[in-house]
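Here the structure is laid out as structure tokens; the discussion comes afterwards.
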Amino acid sequence: MNHRYTTIGTLSASLALALTACSEAPSGDAAASAQAADRDAGWTVPRTSWGDPDLRGRWPLEVGGTPMQRPEALGDKAFLTDEEYQAALDDAAVSAGAYDREQEAGRLGSGHWFEWGRPLRQTSLIVEPANGRIPPMTEAGQARAATMKSSWSGDVFDDISDFNALDRCITRGLPASMVPFPYNNGLEIYQSPGYVVLRHEMIHETRVIPVDGRPPLPQEMRNWMGESRGHWEGDTLVIETTNFNGESPMVIVGPSNEPIPTSTSLRMVERLTPTGPDTIQYEAWVEDPEVLTAPFKISYPWTRNESYEIFEYACHEGNTVVPNYIQTTSPRFMGEDGAGTNFPVDEWLRMSVDRFMEED
């Protein structure tokens, strides 16, 4: 929610929060040396009292509406021109004033809710493949995608299985949890001997990552967020996550994202490399050979903001939303003639976006 601190926001043309094809990630030494070259001159990564690189702090994932997947019209264009980037910054400055305009008008709108941050020059968070988009799905992936359900996929809800993990406030899953959202983008890193912890504001999830060399869990033990193991390559924290249960979407399902499933074969390798006193370069290689025809890579910078306040994430208090959907749309409760929401979701979304743009 807005005005927890002063920010620059923007609204992308679509609400796409979407997310490259490479057979394998580059070697750790090659990646680390390339990123070290981008570090602030003369700066040395601080150490904890027990000797690990110190990444502790608050790193809100706010990138000004920079989409996960690049708009198809941009093709292989990886970066905005100077003129395009200045226009994006100007739009962000206008959007940042939405809260004050709503306050003056005595109304509550998206200016109170969205917190987009400063836009990036890169045109997508996905940097490989070259088109900045998730590779095509396999036949098995397409078949599973066709059966995926969520609160966006219909107007009759008859069972808990008609809702996905985010609808039920269980998890966004991975890699989706590491991709910015319009709000609640807080992320805080904690460290103790043998552990690194990533605390997310969204869905109040906490990833506890051992870095003490312990072996992974047996394959039969599977979790919503998988099981992570970390190690240090120089100053870079490398996190490998496997043992997923395959029940959460790969991206946030919504009006701008087609549903993409995950499987138990999902594997994610993340790299957090400090590049300055208040910056980290985040990378994630994502592969799921059951679902995708090739892996893809996400890469974007994080900026420290210790003034960011992380609030409680009360997704739907009392767990009443899902039962209400079922009781007001299912033929079991409403009868055949009264079933369905009869709610024009597409029209509502268009009107909401148009109203926001008109206010700005």
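Kindly indicate whether any position in segment 295-306 is more than 30 Å from GLN219 (Cα to Cα), touching a Pro at 6+ places or on another chain (Cβ under 8 Å), β-branched (Val, Ile, Thr) and surrounded by 19 or more Cβ atoms within 10 Å (Cβ to Cβ). No, segment 295-306 contains no residue that is more than 30 Å from GLN219 (Cα to Cα), touching a Pro at 6+ places or on another chain (Cβ under 8 Å), β-branched (Val, Ile, Thr) and surrounded by 19 or more Cβ atoms within 10 Å (Cβ to Cβ). When segment 203-224 is examined, which residues are found to be within 30 Å of ARG133 (Cβ to Cβ) and touching a strand residue (DSSP E or B) at 6+ places or on another chain (Cβ under 9 Å)? Matches in segment 203-224: GLU205, ARG207, ILE209, ARG222, ASN223, TRP224. Return the residue satisfying two criteria in turn: it lies in segment 231-275 and is farther than 16 Å from ALA140 by Cβ and among the small types (Gly, Ala, Ser), and of such residues it is surrounded by the most Cβ atoms within 10 Å (Cβ to Cβ). The qualifying residue surrounded by the most Cβ atoms within 10 Å (Cβ to Cβ) is SER248. With the condition kept exactly as written, say whether any residue in segment 254-264 is at pLDDT 95 or above and in a strand (DSSP E or B). No: segment 254-264 contains no residue that is at pLDDT 95 or above and in a strand (DSSP E or B).
Of the residues making up segment 124-160, those that are in a helix (DSSP H, G or I) and more than 22 Å from ASN319 (Cβ to Cβ) are GLU139, ALA140, GLY141, GLN142, ALA143, ARG144, ALA145, ALA146. Looking only at residues in segment 321-342 that are surrounded by 10 or more Cβ atoms within 10 Å (Cβ to Cβ) and assigned to a loop (DSSP other than H, G, I, E, B), the one that is modelled with the lowest pLDDT is THR341. Selection of first residues in segment 72-100 that are surrounded by fewer than 17 Cβ atoms within 10 Å (Cβ to Cβ) and of second residues that are of a type in the set (A, V, I, L, M) and assigned to a loop (DSSP other than H, G, I, E, B), restricted to Cβ pairs under 7 Å at least 6 apart or on distinct chains, gives the following pairs, ordered by first then second residue: ASP76/ALA130; ALA93/ILE8.
Scan segment 120-141 and give yes if some residue there is basic (Lys, Arg) and in contact with a Ser or Thr (Cβ under 8 Å, 6 or more places away or on another chain), otherwise no. Yes, that holds for at least one residue.
Which of the residues spanning segment 123-181 are surrounded by fewer than 17 Cβ atoms within 10 Å (Cβ to Cβ), modelled with pLDDT of 95 or more and of a type outside the set (S, T, N, Q)? Result: ALA130, PRO136, GLU139, ALA140, ALA143.
The values are calculated or read from the model by the stated rules, or taken from the named source; none is laboratory data. For clarity, every value in this text was computed on a predicted model and none was experimentally measured. Don't worry about glycine lacking a Cβ; one is built from the backbone with ideal geometry, like all the others, and counts go over all protein chains shown.
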